[in-house]
Amino acid sequence: MEFISDKNKLDYYIKKYRLKDYFSDEYFPEHYKYMTVTKFARDEYIFTERGNIQYMYIFLNGKVKVCSLLRNGKQQLLNLITGISFFGDLELFNITNPFITIQAVNESYAIALPLTFTQELLFQDSVFLKHIGTLLAKKIYVFTSNAALNMNYPLENRLCSYLSFISKKINIEGTEYSYFNENLSETAELLGTSYRHLQRTLKDLKESNILEKYEKGYIVKDSKALSKLASDEYLI
């Protein structure tokens, strides 16, 4: 994690994402004193299981995945996030979930608020509390919907949804492709399947000319077909 002490950049993000709307006019100047822009590198963890959470983050842009650590030691995908969200909102209320991880998929930006200095101020801000309540309700809905997707949809659909989100763009001889080169054992865990089943599904997508093996991963050859199979994407 990199802290960026640049007030111009902070002001730019506040204006671009209308972040003042999340706070009351009375308390925003106090919150502003403690705000810092933060940058997370690809694959960097924002929260780790059983980690000591010191900040609440207003996630701005990039991509992150939220996973749950199961009792058998495996991980399960809960959510994929690309837009404005709050991380550490439960911890603000001294409620901790030691089995949740949040990891950046690509370079991502957020605004950090240190809980030590801002917790009591945030509790006094009725506008902020109203927004947090709404966002927490949305998270419950999203997690429930995504859990249903994990249980009720074939792996092919879930994998295509995941590929649509996780793949990065690369250029091959002047043509841009989506490229997937994640660890397949970890991907199988996240999607709640076996490594062999994942391999068979990737093989089927390759034989359908949707994917093509490239270096240590796969490129998407037919993005329209991939999107069609991912008709029910993970909610964000």
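Read-outs: derived from the displayed coordinates by stated rules, not from any lab. For clarity, every value in this text was computed on a predicted model and none was experimentally measured. For neighbour counting, all protein chains shown are included, and Cβ atoms are generated from backbone atoms with ideal geometry for every residue, glycine included.
What 222 nm value per residue comes from the helices of the chain, counting each DSSP H run with n ≥ 4 as -39,500 (n - 2.57) and dividing by all residues, nearest 500 deg cm²/dmol?
Dividing the helical sum by the residues of the chain leaves -12500 deg cm²/dmol.
With everything on Cα atoms, drop me the angle between helix 195-207 and the longest principal axis of the chain, reported from 0 to 90° to the nearest 10.
Value to nearest ten degrees: 70.
Based on DSSP loop calls and a cut-off of at most 10 other Cβ atoms within 10 Å, the longest stretch of the chain free of exposed GluC sites (Glu not before Pro) is what?
By the stated rule (loop sites, at most 10 other Cβ atoms within 10 Å), 1-172.
Looking at the square roots a ≥ b ≥ c of the eigenvalues of the Cα gyration tensor of the stretch 154-229, which shape do they give, rounded for a/c under 1.5, prolate if a/b is larger than b/c, or oblate?
Prolate shape, in that a/c is at least 1.5 and a/b is the bigger ratio.
Positive end of the charge dipole of the chain (Lys, Arg +1 and Asp, Glu -1 on Cβ, about the Cα centre): tell me which of PHE99, LEU202, TYR141 has its Cα farthest that way.
Of the candidates, LEU202 comes out farthest on the positive side.
Contact order normalised by length for the stretch 82-209, with contacts defined as Cα pairs under 8 Å and 6 or more residues apart; what percent is it?
16 percent.
Got the relative contact order for the chain handy, in percent, Cα pairs under 8 Å and 6 or more residues apart?
Dividing the mean separation by the residue count of the chain yields 20 percent.
Let me know the shape class of the chain, please: from the alpha-carbon gyration tensor, a ≥ b ≥ c as square roots of the eigenvalues, rounded when a/c is under 1.5, otherwise prolate if a/b is greater than b/c, or oblate.
The shape class here is prolate.
Rank the residues LEU77, LEU69, LEU226 as a footprinting-exposure proxy: fewest other Cβ atoms within 10 Å of their Cβ go first.
Ascending Cβ contact count within 10 Å gives the list LEU69, LEU226, LEU77.
Just in the stretch 67-108: which chymotrypsin sites (Phe, Trp or Tyr not before Pro) are loop by DSSP and have at most 14 other Cβ atoms within 10 Å?
For chymotrypsin sites (Phe, Trp or Tyr not before Pro) across the stretch 67-108 that sit outside H, G, I, E and B with at most 14 neighbouring Cβ atoms in 10 Å, the list reads PHE93, PHE99.
Taking the chain as the reference, fit the longest principal axis to its C-alpha atoms, fit the long axis of helix 7-16 to the helix C-alpha atoms, and give the angle between the two in degrees, 0 to 90, nearest 10.
70 degrees
When only C-alpha pairs under 8 Å and at least 6 residues apart count, what is the relative contact order of the stretch 154-229, in percent?
Relative contact order comes out at 33 percent.
Based only on other Cβ atoms within 10 Å, what is the fewest-to-most ordering of ARG71, ARG196, ARG50?
Result, fewest neighbours first: ARG71, ARG196, ARG50.
Treating the angle as unsigned and between 0 and 90°, give the value, to the nearest 10°, between the Cα long axis of helix 155-166 and the longest Cα principal axis of the chain.
Roughly 50 degrees between the two axes.
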